[in-house]
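*Asks:* Take a look at this one; I'll ask things after.
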Amino acid sequence: MTFIGIDCGTSALKAVLVDDRQAILATASQTYSPSQPKPLWSEQDPDDWRDAMYLALASLSRESPQGARALRGIGFSGQMHGAVLLDASDRPVRPAILHNDTRAFAEARELGADHPELAAILGVKPMAGFTAPKIIWMRRHEPELYARLATLMMPKDYLRLCLSGDKATDMSDAAGAWLLDESNRRWSDKAIDAIGLSPKALPRLAEASEPVGVLRDELADRFGFPRGVVVAAGGGDAAVGAVGIGAISPRSAFISLGTASQLIVARDRYRPASEKLLHSFAHALPQRWYAMAAMLNGAGALAFAGRLFGVSAGELEAEAVRDYHGPGEALFLPYLSGERTPHDDPHARGVYFGLTSSTTRADIARATMEGVACTFADARDCVENGEAPLGRIGLIGGGSQSALWTRMIAAATKRPIARYRDGESGPAFGAARLARLAVAGEPAEAVCFEPEIRDVVVPDPDLAEKFSLTVERFRRLYRALRPEFTFPSAR
């Protein structure tokens, strides 16, 4: 038996084909670029994801024809908080509004002010990037398009719709919509009323590991798969990344360093802490939850710096590695898309500070990576929140391939950091595990165990001391500049 996991990310769709020994037989990746037509906006045509998925599935089949013929299930992971708005014919009425789109900052403030009681039910206070404020924004600013809205879906749910024709979402992705009663794992009538949405527009709820459909016959034939392949509900990328590295027991923790980044700790009960801007959400497995510090910026910051210099992020990282001795004078606030934890500041922006005539491209690269590492010190404080310090923290995502970034994060958080074999495939691999659970019905612990560890980086005492000083400079710089970030039109 084999299983496919599909991860719909912000800048790329990744897919893996995994056998029943959990060995990866084939991988595929297709890139795309969200559009930013206006300040604060970030959008994507959902059909870009669909087309990328079809190309990835064809690639997996070519790379492993035998594995393709043994396929039994497909699972999903997807960027959270996106609003995919479909009409009565299941076609998008407009480009999807993505997680790092913060146009609905006023609507989020209003929801928080008018319904403060909902934060304890929905896991966190409303923020501009969440789905619910975007619905209010659309009703106000695009009433003609809003009138055509028949179904609200999350990004990965649109891909599943394309494959199987079912309309559903799972608990972990619904959590990010700011519409789920987290404790009871059902749609919140109070939240639905607060945003004025018809309950009929919401798809049915399922657990991420549940089978919710079957691959269309014509697509099975197209890609060389057998007919009758089970399609699992799948989940939000944060929770599915946890499934991929076995972070399913209480206090198991990991960092996902992709375009955006998160620090996540698994829990066996729902315990909100919205005052710390923690996201307390349903996990991708039944009767489990997690606490998450969610940052809108991560490895994408180094890609941004690379675009400024006309080189790849990998080239910049290679320059940063050479002769690295720790943080220098240059400092970077990586808030290119605003920030959630710990600031809830959609207007925050990226800032390079402390540049001189002798600053080099390598200095800029190092400062960029250090700035992202500093955000994990903030995240650590929010997640621990007076509890016992975290132990070893896993690291997944594309940024986990950088040994230097791993050293920086260990120093900034003062916690050991573990990297895994194929760690960059975390959410896609987790999605394949969900597909297996949907097909075989095995206990989660039998499938979702920790993968092989590649290495563990212990904080270097000297580097950790230097980062302690840099983190304080980093925080002071943000506090000093916060009043300057607000656009005049938003004051």
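The values are calculated or read from the model by the stated rules, or taken from the named source; none is laboratory data. This one's a predicted model, so the numbers in the text were calculated from it and none came from an experiment. Heads up, the Cβs are rebuilt from the backbone with ideal geometry, glycines too, and the neighbour counts pull from every protein chain shown.
*Asks:* Working carefully through the options VAL124, VAL212, VAL231, find the one that is among the β-branched types (Val, Ile, Thr), outside the structural domain of PRO272 (by TED's automatic domain parsing), crowded, with 19+ Cβ neighbours inside 10 Å and assigned to a loop (DSSP other than H, G, I, E, B). Before you say what the answer is, go through the steps one by one.
*Replies:* On the way: VAL212 fails: assigned to a loop (DSSP other than H, G, I, E, B); VAL231 fails: assigned to a loop (DSSP other than H, G, I, E, B).
It is VAL124.
*Asks:* Something else about it: Looking at (1) assigned to a helix (DSSP H, G or I); (2) buried (at least 16 other Cβ atoms within 10 Å of the Cβ), which one does ARG62 not meet, given that it meets all the others?
*Replies:* (2)
*Asks:* Next question. From the set of residues in segment 396-412 that are assigned to a helix (DSSP H, G or I) and of a type in the set (Gly, Ala, Ser), which is nearest to LEU463 (Cα to Cα)?
*Replies:* Applying the first criterion (assigned to a helix (DSSP H, G or I)) to segment 396-412 yields 398-401, 403-412.
Now narrow it down to the ones that are of a type in the set (Gly, Ala, Ser): 398-400, 403, 410-412.
Values: GLY398: 23, GLY399: 20, SER400: 19, ALA403: 14, ALA410: 9, ALA411: 6, ALA412: 8 Å.
That would be ALA411.
*Asks:* (1) assigned to a helix (DSSP H, G or I); (2) out of contact with any Gly (no Cβ under 7 Å at 6 or more places or on another chain); (3) touching a residue at least 12 places away in the same chain (Cβ under 8 Å): which one isn't true of ALA432, the others all being true?
*Replies:* Every listed condition holds for ALA432 apart from (2).
*Asks:* Moving on to the next point. How about segment 359-378: which of its residues are of a type outside the set (Asp, Glu), in contact (Cβ under 8 Å) with a residue 60 or more places away in the chain, within 13 Å of PHE332 (Cβ to Cβ) and out of contact with any strand residue (DSSP E or B) (no Cβ under 6 Å at 6 or more places or on another chain)?
*Replies:* Going residue by residue through segment 359-378, those that are of a type outside the set (Asp, Glu) are 359-362, 364-369, 371-377.
Checking which are in contact (Cβ under 8 Å) with a residue 60 or more places away in the chain leaves us with 365, 368-369, 371-377.
The next check asks that each one be within 13 Å of PHE332 (Cβ to Cβ); those that pass are 365, 368-369, 371-375.
Result: ALA365, MET369, ALA373, CYS374.
*Asks:* Okay, next question. Among the candidates LEU434, LEU333, which residue alone is surrounded by 18 or more Cβ atoms within 10 Å (Cβ to Cβ), of a type in the set (A, V, I, L, M, F, W, C) and under 30 Å from PRO37 (Cβ atoms)?
*Replies:* Working: LEU434 fails: under 30 Å from PRO37 (Cβ atoms).
Matching residue, one of LEU434, LEU333: LEU333.
*Asks:* I would also like to ask the following. Does GLY112 meet the test of being without any contact (Cβ under 8 Å) to a residue 24 or more places away in the chain, small (Gly, Ala, Ser) and outside any loop (DSSP other than H, G, I, E, B)? Lay out the reasoning, then the answer.
*Replies:* On the way: without any contact (Cβ under 8 Å) to a residue 24 or more places away in the chain: yes; small (Gly, Ala, Ser): yes; outside any loop (DSSP other than H, G, I, E, B): yes.
Yes.
*Asks:* Let me spell it out: the conditions are (1) part of a strand (DSSP E or B); (2) aliphatic (A, V, I, L, M); (3) at pLDDT below 95, and ILE248 meets all of them except one. Which number is the exception?
*Replies:* Of the numbered conditions (1) part of a strand (DSSP E or B); (2) aliphatic (A, V, I, L, M); (3) at pLDDT below 95, the odd one out for ILE248 is (1).
*Asks:* Can you pull out every residue in segment 158-172 that is assigned to a helix (DSSP H, G or I), surrounded by 21 or more Cβ atoms within 10 Å (Cβ to Cβ) and in contact with a helix residue (DSSP H, G or I) (Cβ under 7 Å, 6 or more places away or on another chain)?
*Replies:* Scanning segment 158-172 gives TYR158, LEU159, LEU163, SER172.
*Asks:* Which one of THR31, THR27, THR2 is under 29 Å from PRO451 (Cα atoms), of a type in the set (Val, Ile, Thr) and touching a Leu at 6+ places or on another chain (Cβ under 6 Å)? Can you show your working first?
*Replies:* Working: THR31 fails: touching a Leu at 6+ places or on another chain (Cβ under 6 Å); THR27 fails: touching a Leu at 6+ places or on another chain (Cβ under 6 Å).
Among THR31, THR27, THR2, only THR2 is under 29 Å from PRO451 (Cα atoms), of a type in the set (Val, Ile, Thr) and touching a Leu at 6+ places or on another chain (Cβ under 6 Å).
*Asks:* If I go through segment 38-57 residue by residue, how many of them are in a loop (DSSP other than H, G, I, E, B) and surrounded by fewer than 18 Cβ atoms within 10 Å (Cβ to Cβ)?
*Replies:* 4
*Asks:* Do we find that THR169 is at negative phi, of a type in the set (S, T, N, Q) and touching a strand residue (DSSP E or B) at 6+ places or on another chain (Cβ under 6 Å) in this structure? Step through it out loud before you land on a result.
*Replies:* Details: at negative phi: yes; of a type in the set (S, T, N, Q): yes; touching a strand residue (DSSP E or B) at 6+ places or on another chain (Cβ under 6 Å): no.
Considered against the rule, which asks whether it is at negative phi, of a type in the set (S, T, N, Q) and touching a strand residue (DSSP E or B) at 6+ places or on another chain (Cβ under 6 Å), THR169 comes out as no.
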